[in-house]
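The values are calculated or read from the model by the stated rules, or taken from the named source; none is laboratory data. Note that the coordinates shown come from a computational prediction; the quantities given were computed from them, not determined experimentally. Every residue, glycine among them, receives a Cβ derived from its backbone with ideal geometry; neighbour counts consider all protein chains shown. With ligands, DNA and RNA removed, areas are computed over all heavy atoms of the protein, side chains included. Shrake-Rupley method; radii C 1.70, N 1.55, O 1.52, S 1.80 Å.
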Amino acid sequence: MEDFGSSALRKLIDEFSDAVQLTHADHGDATALVDPARIEDVMRFLRDEADFDMLMDVTAVDYLGQTPRFEMVYHLYATGPNQRLRIKARVAEETPEIASVVPLYASADWMEREVFDLYGIRFDGHPDLRRILLYEEFEGYPLRKDYPKERRQPLVGPRN
Amino acid sequence: MDRTQARKPRHIVEPTEAQRQRVKEMPARAVEYLRQGGDSFLATRADALVNWSRKYSMFLYPFVTACCGMEFMSVAGPRYDLDRFGCALPRFSPRQADLLMVVGTITHRNAPILKKVYDQMAEPKWVMAFGACTCSGGPYNNYATVQGIDTIVPVDIYIPGCPPRPEAVMEGLMKLQARIQAEKVPADGRHKESVDSAYPVIEKPIA
Ligand code: SF4
């Protein structure tokens with residue numbers, strides 16, 4: 001029977017007992033919350049030792065009011081054993097910074113730029129960290145929960 | 001019976017007194033013309049003729065950015081066939097287009113491009129706001145979306161709907177054609193007073 005990624009989770013816990021802070025695997029959504037300082041090691045291990053050869057998505061969540069405020073979310077897929085795994089890591093508001101996984105997965109390039117563009121989280125070691133969806137003149141990060149709902153920054157036309 | 005009165009085309013604006021006088025003199029000149037060997041002639045006003053040819057030979061520039069594009073493809077395709085209205089040939093160079101069809105959501109990032117395309121079009125030119133997004137921002141009111149393209153370029157005809165049905169687009173096109181027929185030649189310069197002066201574009205190369 002398929003184990004929906006929980007065997008990979010077990011492997012991860014065995015290997016990184018110090019870095020894995022929380023795991024759960026309800027209804028096949030295997031998830032691990034890891035130490036942000038170890039994200040590169042964890043991802044490298046999952047890629048090289050646990051068959052997770054595809055990074056499906058990189059995104060973030062803003063939990064305004066909590067500390068640490070931001071949460072990075074990585075969705076991994078193992079094409080061989082058909083398993084999925086979600087890795088999360090909390091990022092502090094004062095230093096919104098985490099290691100880039102572009103050296104491990106090239107697909108992270110634009111997804112990390114999007115997270116930088118909309119949340120203002122910086123990726124250490126990213127080869128080309130610029131805005132990707134918005135324009136250079138844009139100030140602030142619109143997907144942060146404290147970005148004013150009515151704030152508009154048009155390039156042409158009135159500030160509607 | 002005064003034939004010029006009976007046969008007045010309905011979409012022409014009322015002629016001035018001087019023009020009426022000229023038309024009244026027409027039959028005598030026509031008789032003279034026929035006597036000298038001409039076999040037929042057509043009397044009209046330059047405005048009516050020029051506008052008639054303009055309204056039935058519109059080249060459109062499809063500025064298609066979002067889901068409304070599907071409905072644009074439908075209305076431009078053979079089933080609804082915009083060619084019947086003389087408005088079928090898309091020109092992908094703004095310099096050869098008369099009708100700027102803005103189809104789909106315009107983001108603030110996209111706005112300078114739309115403005116540039118509009119500025120590159122030669123007079124006479126018309127702008128159609130195709131779909132709710134271009135009329136008002138449609139379902140989107142957020143940091144990214146322009147709240148109606150009339151904040152960037154002057155709009156001649158608004159077609160609501162998310163997306164509008166092809167019938168709505170054709171209705172809008174016919175309304176625009178009726179408007180073109182009533183325009184003055186040369187153009188009244190409405191498009192010349194560009195929105196430029198009011199809202200300057202931030203000069204920046206588009207990456
Ligand atoms: S009006 Fe509706 S269908 Fe058209 S671009 Fe906007 S959201 Fe899409």
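Buried on complex formation within the stretch B:143-181 (loss of at least 10 square angstrom of accessible surface versus the isolated chain, 1.4 Å probe, ligands and nucleic acids ignored): B:143, B:147, B:151, B:152. Could you give me D for the stretch A:75-156, from Stokes-Einstein at 25 °C and 0.890 mPa s, where the hydrodynamic radius is the Kirkwood radius over C-alpha pairs? Units µm² s⁻¹, please. For these conditions, the coefficient is 169 µm²/s.
Shown for the stretch A:133-157: residues covered by the partner protein chains by 50 Å² or more of accessible area relative to the chain by itself (probe radius 1.4 Å), namely A:135, A:137, A:152, A:155, A:156. At a 1.4 Å probe, which residues in the stretch B:93-123 are at least 50 Å² less accessible with all protein chains present than in their chain isolated? When all protein chains are present, B:108, B:109 each give up 50 Å² or more of accessible surface.
Rolling a 1.4 angstrom probe over the stretch A:21-88 with all protein chains present gives an accessible area of which 45% lies on carbon and sulfur atoms. Taking all protein chains into account, the per residue accessible area for the stretch A:4-124 stands at 47 Å² (1.4 Å probe).
Take the accessible area of A alone and of B alone, subtract that of the pair with a 1.4 Å probe, and the total buried over both chains is about 1500 Å².
Ligands, DNA and RNA excluded, the heavy atoms of residue A:24 present near 80 Å² of accessible surface to a 1.4 Å solvent probe. For the stretch B:50-181, dividing the convex hull volume of the Cα atoms by the residue count gives 87 Å³ per residue. Distance between the modelled labels on residue B:162 and residue B:83, one decimal in nanometres: 3.5 nm (7 Å Cα→Cβ projection). Adding -39500 (n - 2.57) for every DSSP H run of four residues or longer, then dividing by how many residues chain A holds, sets the calculated 222 nm ellipticity at -6000 deg cm²/dmol. Compactness of the stretch B:58-127 was expressed as the Cα radius of gyration divided by 2.2 N^0.38 Å, which yields 1.09. For the stretch B:50-181, the per residue solvent-accessible surface stands at 41 Å², with DNA, RNA and ligands left out and a 1.4 Å probe.
Computed from the alpha carbon positions, the gyration tensor of the stretch B:115-178 leads to an equivalent ellipsoid with semi-axes of 20, 18, 7 Å, biggest first.
All alpha carbon pair distances within the stretch A:4-124 were sorted into 5 Å bins beginning at 0; the resulting P(r) in whole percents reads 2, 12, 24, 26, 20, 12, 4, 0, 0. Per residue, the average separation of C-alpha pairs within less than 8 Å and at least 6 apart gives the stretch A:4-124 a relative contact order of 24 percent.
The magnitude of the dipole of the stretch B:50-181, with charges of +1 and -1 set on the Cβ of Lys/Arg and Asp/Glu and taken from the Cα centre, is near 200 debye.
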